[in-house]
Amino acid sequence: MSEVVRVRTDRERCVGAGQCVLLAPAVFDQGRDGRVVLLTRATTAVEEVEEAVDLCPAQAIGLGGESRRVGG
Ligand code: SF4
């Protein structure tokens, strides 16, 4: 069973540091302007995304309130 978390990003805040892309490349990418591009709004890569939230220098990543468990 895997937990799914919802992910939010704020491109206005993003400073293009790229920490999120290094930590969770299946969830985050960087656009031509260097700012974050969200590849999926829900993911099971919970630990990676939580770490990205902690390490993002711009507080540009958030976890949505809703989470659920899938699979079994
Ligand atoms: S870690 Fe934060 S500031 Fe850096 S690219 Fe990702 S969202 Fe933007």
Open item on the list: With n ≥ 4 as the cut-off for DSSP H runs, can you work out [θ] at 222 nm for the chain, using -39500 (n - 2.57) per run divided by the number of residues, rounded to the nearest 500?
Closed with: -5500 deg cm²/dmol
TODO: Indicate the gyration tensor shape class of the chain (rounded, prolate or oblate), computed on the Cα atoms with a ≥ b ≥ c the square roots of the eigenvalues: a/c under 1.5 is rounded; otherwise a/b larger than b/c is prolate and the rest oblate.
DONE: prolate
TODO: Run the dipole for segment 2-63 about the Cα centre, Lys and Arg Cβ at +1, Asp and Glu Cβ at -1, nothing else charged, and hand back the magnitude in debye, nearest 20.
DONE: 340 debye
Task: Karplus 3J(HN,Hα) series, Hz, for segment 40-48 with 6.51 cos²θ - 1.76 cosθ + 1.60 (x for Gly, Pro) - done: 8, 8, 9, 8, 9, 7, 5, 5, 5
Task: ³J(HN,Hα), Karplus 6.51/-1.76/1.60, whole Hz, each residue of segment 5-17, x for Gly, Pro - done: 10, 8, 10, 10, 9, 10, 5, 5, 7, 3, 10, x, 5
Open item on the list: Can you tally the net charge around V53? Count Lys and Arg as +1, Asp and Glu as -1, for every other residue whose Cβ sits under 14 Å from the Cβ of V53.
Closed with: -3
Task: Label-zone membership for segment 24-44, site L55, 7 angstrom Cα→C-beta point, backbone N under 14 Å - done: 24-29
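Only the coordinates and a few stated rules stand behind these numbers; no lab work does. This structure is a prediction, so every number in the text was calculated from the model and none was measured. A quick note on method: Cβ atoms are made from the backbone with ideal geometry, for glycine too, and the neighbour counts reach across all protein chains shown.
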